[in-house]
Amino acid sequence: MMKIYVASSWRNALQPIAVGALRKAGHEVYDFRHPALGNYGFKWSEIDPDWQKWNNKQYKAALNHDIAQAGYDSDFAAMQWADAFVGVMPFGRSASMEMGWAAGNKKLTIFYLIEHMEPELMVKMFDHICCSMDEVIEALKEAEFPKLSTSSHPIIPREF
């Protein structure tokens, strides 16, 4: 069982399906939409119902609001806790930053392509690019239980 951070978008209808499939496969999964019982995750609308009309100064000020800080702290603690990150496409800027942080911190990173997207070169930094949930689960199994090498050479972990 691995501890998994699912990086995705609030707008992605497939995010809860991915969370459910990973849990069904026996993994502990952080769900930013429901980080704890009774907690429905961070939403800008909790700070201001008109958040979509903010200018840059209002946005910058809102980042220092107690609610924004609590949401950030919850997500970042989960990022540090996780063994692996599964980026469920499509996603936006926050999930891109989360996946980049994970790769830079040598966490297992899986880029899950659900629908066709414009090609992006920098996804090469991720450990796996998967086109189905079965592939995602198989990549997690392989990372958790690496195949025994028949070589007399030691397995050397990948370095960036």
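The values are calculated or read from the model by the stated rules, or taken from the named source; none is laboratory data. Note that the coordinates shown come from a computational prediction; the quantities given were computed from them, not determined experimentally. For neighbour counting, all protein chains shown are included, and Cβ atoms are generated from backbone atoms with ideal geometry for every residue, glycine included.
Descriptive notes on the structure:
- Hey, A143 in contact (Cβ under 8 Å) with a residue 60 or more places away in the chain and over 23 Å from G41 (Cβ atoms) or not: yes
- Looking only at residues of the stretch 1-54 that are among the acidic types (D, E) and closer than 30 Å to F145 by Cα, we find that the one that is surrounded by the fewest Cβ atoms within 10 Å (Cβ to Cβ) is E28.
- The set of residues in the stretch 1-44 being of a type in the set (F, W, Y), part of a strand (DSSP E or B) and either in contact (Cβ under 8 Å) with a residue 60 or more places away in the chain or farther than 27 Å from K106 by Cβ (or both) consists of Y5 alone.
- In the set (1) more than 20 Å from K3 (Cα to Cα); (2) surrounded by fewer than 17 Cβ atoms within 10 Å (Cβ to Cβ), the condition left unmet by W81 is number (1).
- I114 assigned to a loop (DSSP other than H, G, I, E, B), touching a residue at least 40 places away in the same chain (Cβ under 8 Å) and β-branched (V, I, T): yes
- Selection within the stretch 5-43 - over 19 Å from C131 (Cα atoms), within 11 Å of the chain's Cα centre (by Cα) and modelled with pLDDT under 95: D31, F32
- Matching residues in the stretch 89-135 - criterion: being among the aliphatic types (A, V, I, L, M), out of contact with any Pro (no Cβ under 9 Å at 6 or more places or on another chain), surrounded by 15 or more Cβ atoms within 10 Å (Cβ to Cβ) and farther than 13 Å from Y5 by Cβ: M89, L113, V123, I129, M133
- The number of residues in the stretch 55-84 that are in a helix (DSSP H, G or I), under 16 Å from M97 (Cβ atoms), in contact (Cβ under 8 Å) with a residue 12 or more places away in the chain and not acidic (D, E) comes to 6.
- Qualifying positions in the stretch 64-98 - in contact with a helix residue (DSSP H, G or I) (Cβ under 8 Å, 6 or more places away or on another chain) and more than 30 Å from E135 (Cα to Cα): I67, A68
- Residue within the stretch 89-106 that is touching a His at 6+ places or on another chain (Cβ under 9 Å) and either of a type in the set (V, I, T) or closer than 21 Å to K43 by Cβ (or both) present: no
- Subset of the stretch 1-55 (residues that are closer than 22 Å to V123 by Cα, charged (D, E, K, R) and touching a Gly at 6+ places or on another chain (Cβ under 9 Å)): R11
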